[in-house]
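Read through the structure below, which is laid out as C-alpha cells, and then see the notes.
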Amino acid sequence: MGKHKVIFDTDPGVDDALALYYLVRHPQVQLVGVTTVFGNAPVAVTTRNARFLLRSWGVTVPVHAGAAQSLTPDMPTEDFPVHIHGQNGLGNIDIPEQPVDEPDSAAQFMIDQIRANPGQIRILAVGRMTNLARALQMAPDIADLVGDVVIMGGAFRVPGNITPAAEANIWGDPLAADMVFGADWHVTAIPLDLTTRTLITRRELQAIAATGGAGMQLVADLSQDYISFYGQAGYDGMVIHDCCAAVFLTDPELFRLIHGQVRVLWQGIGLGLTIMNPRDRKGPDAEWADLPLQAYGADGDTDAILSRIAKICGGE
Ligand code: BDR
Ligand code: CA
C-alpha cells in the first residue's frame, strides 16, 4: 500500500504538537502540507507554532495560514484557552520567532491538492472546521475528489469540554462543522467519547522522550503545563485528543465506529452539540433527510492506541 497523503489542519496547540510529531515520524504518512486555523491561539500564533515545530524537527513541508474567525455568526474571536495551551499556544516554552500575519491560503491549498490528487488526499482536521467548510464553499467538487476526512471533534454520548453540550473544536465554529458533516464525503469524527480515555502520564511521556530524541523531548517539554491543567481537572496525564485522531488515520482497526447522519446545533443553549441519527434507528427523520452517513469513534483499544504512539514517537 502507498503512503497516506495527509493534509494536517491544525491549531497548535499542545496536543496538536504531539499529533504533528506522530505524522512526521510515521513511515506510512506523506505529509503533503499543514494548514492552520485560529482556535487554541490566534491564527498568526498557530501558524508561527506550526512553522517553529517543523523547523525544530528539521522537516520541510508547506504551511498555509487559514481562518482567523468563525463562519458562525456572533462567535467571540478573542477568547483563547491560554490556561490550557499557554499564552503562546505551546505551553509557554521559549519560541524565538514572533507571530506574523500571513495571507489566508489554507482553503485554496486544500482545494488545489485535492484536485491534483483525486481520491488520494486524506484531511486530518484537529481544530475548528472553518478551513474545511470554506474549501467546500469555494469548490464543492472537492467532496467527490477527496480520499476522506478525519476530524478530532464532537461529544456524542458524553458531556462537552467547553460547555455541557459542546466539544471545543465544534463549539468554535458549529456552522462550519455542520457543513462538514453534511457534505457528501466520508467524515470520521474522533470525539471526546474516546479521546478523554486516551491519556499519557507524565512518566510515560518522559519515557517516550528518553528514547525519541530531541524532537520528542521538545514535545514533552511543551506538554508539562498542559498535563498540570488536566491533572487539576482530574485526569491522570495528558489527554491526547488530536493524536488519537492521527492514530485513526494510520490504524483504523483499533477503533469501533458508529455510523449515522450527523447534525451540529449552531444556535442557542445547545450550540456546538453533535447529534447522530444512527443508521439503524427507526423513526421520523425529516431533519436528517438526504444527509450522508458519517461515523464517529465510540470506542477503541486505548492501550494499543497509546502503544502505537509510543512506538512511532519514541522510536530511534
Ligand atoms: C480539542 O480542542 C483543542 O483545544 C485541542 O487541541 C483539541 O483539538 C479538544 O477538545
Ligand atoms: Ca487542536
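The values are calculated or read from the model by the stated rules, or taken from the named source; none is laboratory data. As the structure is a computational prediction, the values presented were derived from the model and not from experiment. Backbone-built Cβ (ideal geometry, glycine too); neighbour counts: all protein chains shown. Each accessible area value is taken on the protein alone, full model and side chains, heavy atoms only, with ligands, DNA and RNA left out. Shrake-Rupley method; radii C 1.70, N 1.55, O 1.52, S 1.80 Å.
Label positions at HIS83 and GLN217, each projected 7 Å from the Cα along the C-beta direction, are separated by 3.3 nm.
Between the beta carbons of ALA68 and ILE269, assuming R0 = 30 Å, the FRET efficiency works out to 0.65 to the nearest 0.05. Remark: the ARG203-VAL158 segment gains 13.4 nm on full extension, using 0.36 nm per residue and subtracting the alpha carbon distance.
Where only DSSP H runs of four or more residues are counted, the chain gives -11500 deg cm²/dmol as its mean residue ellipticity at 222 nm, each run worth -39500 (n - 2.57).
Remark: the range 41-52, residue by residue, has Karplus-estimated 3J(HN,Hα) of 6, x, 5, 4, 6, 5, 5, 4, 5, 4, 5, 4 Hz, where x stands for each Gly or Pro and the curve is 6.51 cos²θ - 1.76 cosθ + 1.60 at θ = phi - 60°. Computed from Cα atoms, the angle from the helix 202-222 axis to the main principal axis of the chain rounds to 80 degrees. Springs between alpha-carbon pairs under 10 angstrom, Gaussian network model over the chain: which of ASN49, ASN117, ASN131 fluctuates most? Per the Cα network of the chain with a 10 Å cutoff, ASN117 tops the list.
Toward the positive end of the charge dipole of the chain, about the Cα centre and with charges on Cβ (Lys, Arg +1; Asp, Glu -1), which of ILE200, GLN261, SER70 goes farthest? My answer, from the dipole projection, is ILE200. Here the contact order of the range 39-175, divided by its residue count and restricted to Cα pairs under 8 Å and six or more residues apart, works out to 25 percent. Structure remark: mean-square fluctuation, Gaussian network model of the chain, C-alpha springs under 10 Å; the largest value among VAL43, VAL29, VAL14 belongs to VAL29. For a modelled paramagnetic label at ILE93, 7 Å from Cα along Cα-to-Cβ, the residues of the range 31-52 in reach, with backbone nitrogen under 16 Å, are 46-52. Taking all Cα-Cα distances within the range 4-314, those exceeding 35 Å account for 11%. Of the solvent-accessible surface of the chain, computed with a 1.4 Å probe over protein heavy atoms with every protein chain present, carbon and sulfur atoms account for 51 percent.
Just to be sure I follow: if Rg is taken over the C-alpha atoms of the range 103-146 and Rh is the Kirkwood radius over the same atoms, what is Rg/Rh?
Reported Rg/Rh (Cα atoms, Kirkwood Rh): 0.93.
Write down the percent of antiparallel bridges among all DSSP beta bridges whose residues are both part of the chain, to the nearest 5. Looking only at bridges with both residues in the chain, the antiparallel portion is about 35 percent. Please find, in a Gaussian network model of the chain (springs between Cα atoms separated by less than 10 Å), the residue of ALA107, ALA68, ALA177 whose mean-square fluctuation is greatest. Per the Cα network of the chain with a 10 Å cutoff, ALA68 tops the list. A Cβ-based charge dipole, computed about the Cα centre of the chain with Lys and Arg at +1 and Asp and Glu at -1, lands at about 600 debye. Taken along its three principal axes, the alpha carbon spread of the range 1-100 comes to 45, 33, 22 Å, from the longest extent down to the shortest. Its residue count N sets the reference 2.2 N^0.38 Å, and the alpha-carbon radius of gyration of the range 62-183 equals 1.14 times that reference. Working from label points 7 Å from Cα in the Cα-to-Cβ sense, the ALA304 to GLN30 distance is 2.7 nm. Close amide H contacts of ASP9 (hydrogens built in the peptide plane, cut-off under 5 Å, sequence separation of 5 or more or a different chain): THR35, LEU124, ALA125, VAL126. Taking the C-alpha atoms only, the angle from helix 14-25 to the longest principal axis of the chain is near 80 degrees.
A simple count of charges around VAL59, restricted to other residues whose Cβ falls under 13 Å of its Cβ and scoring Lys, Arg +1 and Asp, Glu -1, yields +3. Annotation: amide H-H contacts under 5 Å for ALA189 (H modelled 1.01 Å from N, sequence separation of 5 or more, or interchain): ILE151, ALA295, TYR296, GLY297.
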